[in-house]
Amino acid sequence: MRASKMLISTLKEAPNEAKIASHVLLLRAGMIKNEVAGVYNYLPLGLRVLNKIENIIREEMDEAGGIEILCSALQPKELWEESGRWSKYGPELMRFTDRHEREFCLGPTHEEVFTSMARDLIKSAKSLPMNLYQIQTKYRDEVRPRFGLMRGREFVMQDAYTFDKNPEGLEASYKNMYDTYSRIFTRLGLHYQIVLADTGNIGGNGSHQFMAISDIGESAIVYCSECGYAADVEKAEVQKAVESTADLKALEKVNTPNQRTIEEISSFLGVDPKNTAKSIIYHDYVNNKFVMAVVRGDREVNEIKLVNACSSNENYLELATPEEIISLGSIHGFCGPKGINGVDIYIDDEVLAMHNVVIGANEKDYHYVNANFGRDFNGTVCDLKTAVEGDLCPCCGKPMKQHRGIEVGQIFKLQTKYSEPMKCYYVDENGKNVPMVMGCYGIGVTRTLQSIVEQYHDDFGIKWPLNVAPYHAVVVPINYNDEAQRAMAEKLYAILRENKIEVILDDRNAKPGFKFKDWELIGIPYMVVCGKKASEGICEFKDRATLEKVEMTIEEAANKIIEAVRSI
């Protein structure tokens, strides 16, 4: 491709909405262009990268036995009602009504569609197991689209669904997809970690996430470097607390004027925050009730764990207002699990092990000291805490570490969550209808694209790995009008094209510095500069990854590029 014929739309500065390096660089390098908040157009260079990522996914999915299909993004309400998710999914679901007053949504995910397809097309056990996948655009009405392709309202996703006869078959399919996704992300050059994850709106009884390691990641990961345990903080557990051996003291109600926060009450009473319990009241709109979460004073409530405990939905769980708290007979800043009515109380298991705890008295300016679970207050005991760095590993007991990651993929053991209510059955050898056992698997393709940029860039621009770069090499004559430079550049361009190398010839009438900055920003892996020594048959070879520059003949440069491309 000749640069003079390309749509090269590099920018000196990124628009103001870009806050992180990868978003800035994708915009500045002319890979994407914003349409509206959370919606992007893919320009020629960006589309080439996107297609290469998709092709790697297809190659690995096909090798793993996947069968590619393509479903409509338009989904009828009736399918979602069969699964029970139409009213539960949340405001991210883009719903609309057509001219015939029939309700639809734009698919944020495709569990219902794939399940209905398997129900209609797979009847015999002989057809199982089966692995169907697609690469398709999804839609979610994000309340705050941000960070470019990281969290958009429209994005490309690879989603796959496996159908098995029994749980043992699902385990095999799940392992196959676990390994397949590992190969995909390894081929893409991502530095990633696989962690245990919550199943969220998708459901099921087991899940792993594939996290691209990054300081700008929205997800926090805790992990143990000793035994390998790793989990998203929404799912992460810690070693069970050892029960206190302190003798139980008499409960006492004390005056604590204007001491509302854990820090204030701890300082006022002269106690360690770890000897207090924090009580947070929520309004659960799914079940139309109020719930209280009680955790150790220095902890944070893990709202995903609370949602799972009370069978709610994170989109419909909100902090109770001060007015709602008063209606329950308590007051904001002095809430506690003793003597409150009309609230379902959930107690973190760590609080169960504590003795002589400080809790709110549900009365202005008062707290209880020496409160103890079972004697003074009760509730449903479960894990509600958010794990943090330094917590002890639930597997080996060693202190865990924490870092951040970008979720680029997730896999789920759905079991019969969708096949049972949607009557997705196969007929067994006894003629009995048996629900298929399902797995679900997804890769955020466009998010993966930006994650690669987040991990591969420097002060000059993007540094694409060779197998996903928009082009492998660019040939840059310093002055295209110089006969020797033009002849060398054209010869090298022809050699590379004959060897199926994706190469650009920069034949633009522009200053050398302008050209160099463009290709460094865009991130072409290899640049060959034809300059003053062109008449001697010598060019300058530049590796974008290392910024190393070496003089060599054009034959040597061509061979170096050809060998590198053939090795990927």
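Restricting to the stretch 312-350, give me the number of residues that are in a loop (DSSP other than H, G, I, E, B), within 36 Å of the chain's Cα centre (by Cα) and of a type outside the set (Ser, Thr, Tyr).
Filtering the stretch 312-350 down to residues in a loop (DSSP other than H, G, I, E, B) leaves 312-313, 320-321, 328-342.
Within this subset, residues satisfying the condition of being within 36 Å of the chain's Cα centre (by Cα) are 312-313, 320-321, 332-333, 335-337.
Retained after the next criterion (residues that are of a type outside the set (Ser, Thr, Tyr)): 313, 320, 332-333, 335-337.
Summing the residues that are in a loop (DSSP other than H, G, I, E, B), within 36 Å of the chain's Cα centre (by Cα) and of a type outside the set (Ser, Thr, Tyr) in the stretch 312-350 gives 7.
Examine the stretch 376-384 for a residue that is in contact with a strand residue (DSSP E or B) (Cβ under 7 Å, 6 or more places away or on another chain) and either without any contact (Cβ under 8 Å) to a residue 12 or more places away in the chain or closer than 30 Å to ILE216 by Cα (or both), and state whether such a residue exists.
yes
Tell me, which residue of the stretch 219-238 that is assigned to a loop (DSSP other than H, G, I, E, B) and of a type in the set (Ser, Thr, Tyr) is modelled with the lowest pLDDT? Before the answer, list the steps.
Keep residues of the stretch 219-238 that are assigned to a loop (DSSP other than H, G, I, E, B), which gives 224-229, 233-238.
From what is left, the residues that are of a type in the set (Ser, Thr, Tyr) are 225, 229.
Values: SER225: 92, TYR229: 95.
Going through the qualifying residues, I end up with SER225.
Table: residues versus (1) in contact with a His (Cβ under 7 Å, 6 or more places away or on another chain); (2) within 26 Å of GLY329 (Cα to Cα); (3) modelled with pLDDT of 95 or more; (4) surrounded by fewer than 19 Cβ atoms within 10 Å (Cβ to Cβ).
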| site | (1), (2), (3), (4) |
| --- | --- |
| GLY200 | no, no, no, yes |
| SER207 | no, no, no, no |
| LYS240 | no, no, no, yes |
| THR256 | yes, yes, yes, no |
| ASP272 | no, no, yes, yes |
| THR276 | no, yes, yes, no |
| ILE280 | no, yes, yes, yes |
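Of the residues GLU520, GLU563, GLU540, only one is at pLDDT 95 or above, acidic (Asp, Glu) and within 15 Å of PHE460 (Cβ to Cβ); which?
GLU520
Looking at the stretch 249-281, which of its residues are closer than 19 Å to ASN378 by Cβ, touching a residue at least 24 places away in the same chain (Cβ under 8 Å) and under 40 Å from the mean Cα position of the chain (by Cα)?
THR276, ALA277, SER279, ILE280, ILE281
Looking at the stretch 114-134 only, could you name the residues that are in contact (Cβ under 8 Å) with a residue 24 or more places away in the chain and open to solvent by 20 Å² or more (accessible area, probe 1.4 Å)? Before you say what the answer is, go through the steps one by one.
Start the filter on the stretch 114-134 by keeping residues that are in contact (Cβ under 8 Å) with a residue 24 or more places away in the chain, which leaves 114-119, 122-125, 127-134.
Of everything in the stretch 114-134, those that are in contact (Cβ under 8 Å) with a residue 24 or more places away in the chain and open to solvent by 20 Å² or more (accessible area, probe 1.4 Å) turn out to be MET117, ARG119, LYS123, SER124, ALA125, SER127, PRO129, MET130.
Under the condition of being of a type in the set (D, E, K, R) and in contact with a strand residue (DSSP E or B) (Cβ under 9 Å, 6 or more places away or on another chain), which residue from the stretch 318-345 is surrounded by the most Cβ atoms within 10 Å (Cβ to Cβ)?
In the first step, residues of the stretch 318-345 are kept if they are of a type in the set (D, E, K, R); the result is 318, 323-324, 338, 344.
Imposing the further condition that a residue be in contact with a strand residue (DSSP E or B) (Cβ under 9 Å, 6 or more places away or on another chain) reduces the set to 318, 324, 338, 344.
Numbers: GLU318: 12, GLU324: 16, LYS338: 18, ASP344: 16.
The residue in question is LYS338.
State the number of residues belonging to the stretch 155-192 that are surrounded by 17 or more Cβ atoms within 10 Å (Cβ to Cβ) and more than 26 Å from MET438 (Cβ to Cβ).
3
If I filter the stretch 68-77 for residues that are free of Cβ contacts under 8 Å to residues at least 12 places away in the same chain and open to solvent by less than 80 Å² (accessible area, probe 1.4 Å), do I get at least one hit?
no
Restrict the check to the stretch 514-531 and report whether at least one residue is hydrophobic (A, V, I, L, M, F, W, C) and on the phi > 0 side of the Ramachandran plot.
Quick first cut of the stretch 514-531, residues hydrophobic (A, V, I, L, M, F, W, C) only: 514, 516, 519, 521-522, 524, 527-530.
Pick out the ones that are also on the phi > 0 side of the Ramachandran plot and you get none.
No; the residues of the stretch 514-531 include none that is hydrophobic (A, V, I, L, M, F, W, C) and on the phi > 0 side of the Ramachandran plot.
Starting from the stretch 214-230, keep only residues that are open to solvent by less than 30 Å² (accessible area, probe 1.4 Å), then list their pairs with residues that are among the hydroxyl-bearing types (Ser, Thr, Tyr) and modelled with pLDDT of 90 or more whose Cβ atoms are within a distance under 9 Å, requiring at least 6 positions of separation or different chains.
These pairs meet every condition: SER214/SER22; SER214/SER451; GLY217/SER451; ALA220/THR386; VAL222/TYR229; TYR229/TYR223; ALA230/TYR223.
The values are calculated or read from the model by the stated rules, or taken from the named source; none is laboratory data. Everything numeric in this text was worked out from a predicted model, so none of it was measured. Counting neighbours? That spans all protein chains shown, and the Cβs are built from the backbone with ideal geometry, glycine included. Areas reflect the complete protein model, heavy atoms only, side chains present, ligands, DNA and RNA absent. Shrake-Rupley method; radii C 1.70, N 1.55, O 1.52, S 1.80 Å.
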